[in-house]
Structure formats: structure tokens, C-alpha cells
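Structure first, then comments.
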């Protein structure tokens, strides 16, 4: 809120140093946003937080300054109270519980003029236009007290005045010439035929004060803030009145504002005030009582605050002490402080007026709690390290799929799953959540290819989102994508997968041909312990695999250190021939089961002949030629029996 | 003659052993063994000798020649071994591909490390959330003024949404973990934003929660100062002030001096000289009650901050969109 300092200084003496003033206000919860000058007067703009309805006023800020600097507030003069006009209650019909209080008073023989300079200057410094003396005065009192008010033209409001919920589809044209189509949730002032205003937010064009106005009906009210809030958001009515009424305003303010307005009308001789006021106030709001226990204040703040100091702070904040003993005290909260409802709120009051600078910085000295990091988080951190170690760059992509990649947003290997969509997308590119990590990684890869990159090695660890029937679920996935300009082949990509699984200490990984899965050709399923944990395949000349992290979690083996064997291996190459379409991985797995074979590598492939390099080794002794021969014979026997393989002559 | 030969050999010996590079050795070789070299000129003189002397001189010359050749070779190898050979260290290497982590991960990992020192565990939670965990139990009941009406992305209005902050993990932790506990969360959050250089519908938040008998504002302040000084550096100025958030009471805000203008005021800090870094406070008693804890018996603190701006500042990225759209080059 913009606070012209010379206006503020009418209610409280300000410290000479403006920096000291704004620093203290900032520390106490009202951050200085910026300061500027209007016609030579300094205006500070404070960032107010929504809980402090009382601070959206010059007087509210004056009270804060008063509490911070211990300087009393000079409250402005008000008109003596008028008698309540019970008899004319019929003039305003209120049946909804959404109205907490309404005060109205008639003022006759209104003299509409330009505003005097003192009034104009204040409004202009705040940022409002000057219209005429009466409209300006309603704004002035609103800014001064925080209570919005409105002046109707008494001769135009007609009969059957009431405050009610609008009927859906009813229309009102605002004084800014904008037509609103109202809903049955909007609270309105209406007469028999027309809507006069949207309560608490904006008035209509035809029933308010104008240059010709002779008599006015002044109203100030308090409503259910949640209702007002909905209306101002729905119709985009963030007016000065609206932003105040959507907060928790004290209904007692209504009275302050009305009598302040009347005082100024009388003082300036702008009209004849009716002898009675209308006051609808069905449920009197009484000040709240809160107990403050000193021990609790010390425990929550973490340092000892002097009891006398606490009392002094609260006194300057207008809290009344209704009871006290050595343990604590009972406080009566000033009615305008609608934000203070709990003991913790009072504790904050003490701390913020003292300044948070007084709070010591204490390094957590309590017992160190147990580590409860779930294993899946450690898994993700470890995998990120493994994958970067084998040369993959980490991508973090949006959880949404861009419109032109949506065609790839299909579940990999998932049955009956569909993508999750946002009901209120801010843009077509933030509409559908990813159901795989492929679509975004494909986009990134194609970007690199277009930028004339020579190689792509991306991984992403993140969630995919899916819907099955009406259940939503999230799965943690690892996506790996590979492309190279030269030497681009599946063997290379497979090597990276092997490298990753080796780093992750996961063995017994099997690959089973799938044929085709969605957009991927040459696709395969990745299995661990016979359970599927991922899917891979080829998109053009781009290789992709997606692994389910929960499927892999817990499958890693304990890391065991291995030492060089004391006895040397015998190494030999054997070239074998197999019927076409024999899976080489299966052969190697089968051979690896044979005793005294410590390692096998595929050294060379030519048509149907494959040369395997075989390490024969016994950890306990050097194998004799005879023993090696026995192992070799075993290999040939197994190969022949299981795969129909023969030695190439 | 014999003396000449021996002198020549000795001279060559001393020159060779003193040579400091191969170019010098080559010069020496030419001087002694070249076509116009000293050895050749001595050989030419043999014809002037007596027949009886010729044979002996030839033998000595051959010996001298072999000795010099050997010396040259030995010295050449010696020079190679001591590395005095001319060598170009500026030649481009053949770099193995080393993978890089995403800037956001780097920042998260760094923050995790700091909080681990203070006994914090790491935590996560669902991104597709319910209104209950995202708002209701967080002291943000329907119609609460701090609940922004339009900025939530709904999967199924009004109950299922994309979490709008990591505080939803706080609610879950308060319900599921047994105190005492300390956790930090880093994760994706979503809001209704029209995308531009500084706003994105998806963004990252970093959140911390601690629940333990005896925790106070002083513990919160100490924890945050430890973190800020470790992460941003000892020299940064910190402003720790009162600030309202519905999830905490008392509530606080932590600002850092603007490094772009040395607090003189610039467009980054909007002329304030300070950058708002995080929101924090003691967990609101209503939240503790909602999650089954007695606020008179146990207390806790919570803090949260946006990560993307921190990542962007650290890595000099100007447009938030380039963080998560594949624009980053890894080299």
C-alpha cells in the first residue's frame, strides 16, 4: 500500500530518519517495496501481507509506527454518535447471512464541489483521481480507516432496497461502463428493478453520486469476506474496496468510518446530516481473549524475553491485560487485529516488535534424529552419478509434452494406461503430462541433431504420470537416449546399458526380443530375475531405453572387492558356427555357467561364425592342459546340445 | 696422425656429452661424421702416410668413428629420457566423454549435502496431489485469503491437482513420520502461469521441515544462517524479518543482499537492494493439530524457497524456459 508520509505524520510523529522508519516497518512484516515522490511529498510503498486487514489504512500503519517507536497515535476527530433509527429498518431488506454489518445515514442538501486541496493532494499522492468532494471523501475515509464506503444518490435509488445474492444472469453496468453478468454467488445491493452495486467491490453507473446529486445515502458495511473474494476474483474487480473487503475486516470499523465521514461533512459544511443512523449488526463481534504463558513464549522463540518488556510491547500494540500472574497473562486483543487468534500469534507480535534481529542463531543442538531418507531417493542420486560417469548428460525435461510431440506420448509396454491431462491448461504445451520420458528426450535429441551435433548421450530420471480407469499414478523412470553421427549401432548403446548395470551392481539382466513396441522398432524387454523392468528399442537411428526405477530398486548386489587370482589363466579363441538367428547372449550366458571359465568375450563375428575368447582359470591352482581340454570339451558338448553349434574348421 | 685421431675423438666425446638437445647432436654428427667432417678429412690423410702406418691408422679411425656413433646414439636416448626433447603440450587431446549433471541437480545436491550435516534426511512425495494435502491440512481451507483461486492446475477440479508447492510433502511427512525428524525436499511444482522468461508452469521448490520437542525460532534462524552461509558464502548479508505465511506462526522471511548492484538498487532487486530468498517459520499449530500432534507438546519449523532463480543466477541462465527445454549444451 502506498503511504504518503506527510499524511501518516498527521497521526503519529515520525522518526527523522526515513530509513529507520522503513527498516523497522520492514523487519516487523511490512516490507518497503519502493519509495517515490509526488508533488514533493515522499510516498513509501509497503508490501502488506493479506492477514493484516487493519494495515490497509494510514491509521493502521500509524498504529504500527506507534508500537515500533513507542509514540502515541493521534486519532482523528469523529462526529458524535447519532441515535439509531430502528423504525426505518424496513428500508433495507437483508435476509442473507453474508452481511455482517451495515450502517447507513442520509445526508440532505449536499453541496457537490471540487475537493479542497488538502483532500485532493492526499488522494493523488496515494494514486487516486479526484472526482468531487463527496466521492473523494468516501475514498479519503477508506484510506484513513481501512473501511470502504459508498455514497448513493438518495433520489435515484428507488424503493425496495435490499442486499441479496444476485440471480444468475442479472446484469449491472459499472461506473466504468463495463457490463457484468452476475452469478448466484455474487452479493449485490439492489432495488426493485435494478442492481445498484456488487457488494464490497464496485458500484453501478446509474445510482451513485453525480454533479446533480442533491441528497445522498452513505453506506459502510462488512460482509463475509470469502464471498466477496470469490466475486472480485471471478469478475476481476480488484478495486480499492474489493481488496479490503476480501480480507478479514473488523465490523467495528464500519462505525468509525461513518462517524469520521459525518464529522468531515459537517466541518466542511457539505450537507445536512440526518438525525439518526441505520445500523444492522446482528451478531456483535467481541474482542477475543488469549492467554499467553511466558514459558511458552521463551520455548517457541528460543531466547528469554523480559516480562516487563513483553507487557510494554503488548501495551503499545493496544492489547489489554485482563489478568496476570507469574506464569503469564490473559490478553484482550484489539478488535481490529482480526489476525491475532492464537497464543502463537501473540508470540509473533512480541518477536516482531522486538525485531527478529534479537533472535539468536542457534545451531540445532537437540538429539540428531534418525536418518529416514527412503532408499529410492538414494537410488536416484546414485544413478545420476553412475550415468554421468559412463558419459551420459542429465536432462531435466518438462513434465508436460509439447503439442507437436504429443503423438509420442504413449505408454511404453503399458496396458490400459492413458496420459493425465490438466483441466485448466495455461497453454497447449502445458496440457498433457508425460506418460514416458521418450517424447521429450526425443525432442531434445532431434534438437542436437539439427544443431549439427555429433553425438547424443542423454539420460533423465523423473516421473511419468498415467491414468488407469479413474486412478492416477506416478512412476519413477530412467530414460536413456543415444545417437551418434559415426559408428552408430546397437552394440554401442548396449554397451552403455551394460556399463550402467555394472555400475549399479545389478547382474542377471536379460534382454528379450519384443519385435515392435509403439514407435520403437527392434524393441526388447529388459528383465531382472525374470521380471520385466524396462523396454528399449530404436527410433530411426536413435536408440532409447526406459527403465522402471522401482522395478530395479533393491536388485543391486552387495559390492564385494575382487582380487587378482594367484594362478594365471589360459586364454584361447574358439570359433563356432551356429544356425542363423541364434541369440549370442544366450550362448555366452550358458557357457559362463561352466566351471573354470572365468571370462568370455565375443572377439569377432563373421557371418554365422563367432569367435569367442575364453579364459580358463582355477582360483586355487594352475590348470593343466588336460584339465583345460576337459573344460573345452564340456563347452563344445553344451553348445552342440543346446544351440546346435559346431566348431568351425 | 694417431694423436690427431685420438684428440678428435676426445673432443667429440666432450661435445657430445655436453649437448643438451638433438639438434645440437645432429650438428656434432655433421661436424665429425659428415662427408666434409673431421673423421672423413682424417681418412683422406691416410694416403699421405707410409705403407706401414696406413693399416694401423685406418683401424684407429674406424674405432674412433664407431665410438662417436655410439656416443651420439646414447646421448640421444638420454636426452629423450630426461624429457629435454622438444615436445608440444598444446596439442589437442582426445577427450573421453564425461557426462554432466543438470544445473538444477547440481544445486539440489549441494543443498542436500549442507542439510545432511545438520541431521536432515531427504524426502519426496506425489506431484499429483489432493486438495487435502496441498491446501486443506496446511491451514489453507477453502476460501482462505492466501489461497489463490486461479493459479492451481487441476487434474480433476476441485479435489485432484498438481501440487502447487512442496509444502504438500510437509503435510504428508507430518502425518507419516514419527518425530523427531528433519527432512528436506526438492521437487517439481506447478502453477497456472503464462510462460515467459521468468515464469513457467512447472518450477522447482526446495523445502525443509523439522519436528522435534524443543525446537524454536532460534533453531530455525541458526539452521537457515548455516545453510545460507554455506551455500551463498560467508560474506553475503542476511536480513531475517517477520513475514506472514499461513503455514507458519510466527512466520519469517529471509532476504539476501543483491549481488548485482551491491545493494544500490537495480532491476533485479527492483531497487530494494535485497533479494527475497525464502519463507519460513514455526509450523502453524493448526497444521500440527490437523496431523495429529499436540502443539503444546511438540514444535517444528519449516522453510521453502524457489530453486529455479538460484540455479539461473549460479549458472548465468537468463530465461527460465531454457532450464527445462533441452537448450542447455553440455561440454
(request) Mind telling me which of the residues A:344, A:349 ends up being at the interface with another protein chain (Cβ under 7 Å from one of its Cβ atoms), within 30 Å of residue A:66 (Cβ to Cβ) and surrounded by 16 or more Cβ atoms within 10 Å (Cβ to Cβ)? (result) A:344
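Listed here are the residues, each with its yes/no results for (1) surrounded by fewer than 18 Cβ atoms within 10 Å (Cβ to Cβ); (2) within 11 Å of chain A (Cβ to nearest Cβ).
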| position | (1), (2) |
| --- | --- |
| B:92 | yes, no |
| B:95 | yes, yes |
| B:119 | no, yes |
| B:132 | yes, no |
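Residues are listed down the side, and each one gets a yes or a no for (1) out of contact with any helix residue (DSSP H, G or I) (no Cβ under 9 Å at 6 or more places or on another chain); (2) more than 28 Å from residue A:253 (Cα to Cα):
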position: A:148; (1), (2): no, no
position: A:156; (1), (2): yes, no
position: A:161; (1), (2): no, no
position: A:171; (1), (2): yes, yes
position: A:176; (1), (2): yes, no
position: A:191; (1), (2): yes, no
position: A:195; (1), (2): yes, no
(request) Considering (1) modelled with pLDDT of 95 or more; (2) out of contact with any helix residue (DSSP H, G or I) (no Cβ under 8 Å at 6 or more places or on another chain); (3) not assigned by TED's automatic domain parsing to the domain that holds residue A:384, say which one residue A:614 fails and leave the rest. (result) (2)
(message) Quick check on the range A:68-76. Is at least one of its residues surrounded by fewer than 20 Cβ atoms within 10 Å (Cβ to Cβ), within 25 Å of residue A:130 (Cβ to Cβ) and at pLDDT below 95?
(response) no
(request) Output the qualifying pairs, or none if there are none: Cβ atoms under 9 angstrom, residues six or more apart or on different chains, first residue in the range A:109-120 and free of Cβ contacts under 8 Å to residues at least 60 places away in the same chain, second residue part of a loop (DSSP other than H, G, I, E, B). (result) A:114/A:130; A:114/A:132; A:115/A:130; A:115/A:131; A:115/A:132; A:119/A:130; A:120/A:114; A:120/A:130
(request) Have a look at A:478, A:457 and point out the one that is over 30 Å from residue B:157 (Cα atoms), away from chain B (no Cβ under 13 Å), modelled with pLDDT of 95 or more and buried (at least 17 other Cβ atoms within 10 Å of the Cβ). (result) A:478
(message) Please count how many residues of the range B:184-200 are more than 10 Å from residue B:321 (Cα to Cα), touching a helix residue (DSSP H, G or I) at 6+ places or on another chain (Cβ under 7 Å) and within 7 Å of chain A (Cβ to nearest Cβ).
(response) 0
(message) Of all residues being over 12 Å from residue A:149 (Cβ atoms) and out of contact with any strand residue (DSSP E or B) (no Cβ under 6 Å at 6 or more places or on another chain) in the range A:250-263, which is surrounded by the fewest Cβ atoms within 10 Å (Cβ to Cβ)? Just the residue, please.
(response) A:263
(request) Consider residue B:210 carefully, then state whether it is under 29 Å from the mean Cα position of the chain (by Cα) and more than 30 Å from residue A:382 (Cα to Cα). (result) no
(request) For the range A:460-475, name all the residues that are outside any loop (DSSP other than H, G, I, E, B) and either surrounded by fewer than 22 Cβ atoms within 10 Å (Cβ to Cβ) or out of contact with any helix residue (DSSP H, G or I) (no Cβ under 8 Å at 6 or more places or on another chain) (or both). (result) A:462, A:463, A:464, A:465, A:466, A:467, A:468, A:471, A:472, A:473, A:474, A:475
(request) Evaluate the following for residue A:385: is it without any contact (Cβ under 8 Å) to a residue 60 or more places away in the chain and more than 7 Å from chain B (Cβ to nearest Cβ)? (result) yes
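Yes/no matrix, rows are residues, columns are (1) touching a helix residue (DSSP H, G or I) at 6+ places or on another chain (Cβ under 7 Å); (2) at pLDDT below 95; (3) more than 30 Å from residue B:141 (Cα to Cα); (4) assigned to a loop (DSSP other than H, G, I, E, B):
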position	(1), (2), (3), (4)
B:231	yes, no, yes, no
B:256	yes, no, yes, no
B:259	no, yes, yes, yes
B:263	no, yes, yes, yes
B:295	yes, no, no, yes
B:303	yes, no, no, no
(request) Would you check if there is a residue in the range A:432-450 being surrounded by fewer than 22 Cβ atoms within 10 Å (Cβ to Cβ), at pLDDT below 95, in a loop (DSSP other than H, G, I, E, B) and more than 7 Å from chain B (Cβ to nearest Cβ)? (result) no
(request) Would you mention how many residues in the range B:237-254 are over 26 Å from the mean Cα position of the chain (by Cα), outside any strand (DSSP E or B) and without any contact (Cβ under 8 Å) to a residue 60 or more places away in the chain? (result) 2
(request) Kindly indicate whether residue A:362 is over 28 Å from the mean Cα position of the chain (by Cα) and within 11 Å of another protein chain (Cβ to nearest Cβ). (result) yes
(message) Looking at A:374, A:334, A:419, A:428, can you tell me which residue is farther than 30 Å from residue B:177 by Cβ, surrounded by fewer than 16 Cβ atoms within 10 Å (Cβ to Cβ), without any contact (Cβ under 8 Å) to a residue 60 or more places away in the chain and more than 7 Å from chain B (Cβ to nearest Cβ)?
(response) A:428
(message) Going through B:252, B:273, B:222 one at a time, which residue ends up being within 11 Å of chain A (Cβ to nearest Cβ), buried (at least 16 other Cβ atoms within 10 Å of the Cβ) and closer than 26 Å to residue B:164 by Cβ?
(response) B:252
(request) Could you tell me whether any residue of the range A:485-492 is touching a strand residue (DSSP E or B) at 6+ places or on another chain (Cβ under 9 Å), touching a residue at least 24 places away in the same chain (Cβ under 8 Å), more than 11 Å from chain B (Cβ to nearest Cβ) and part of a strand (DSSP E or B)? (result) no
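The values are calculated or read from the model by the stated rules, or taken from the named source; none is laboratory data. Keep in mind that this is a model prediction, so the values were computed, not measured. Counting neighbours? That spans all protein chains shown, and the Cβs are built from the backbone with ideal geometry, glycine included.
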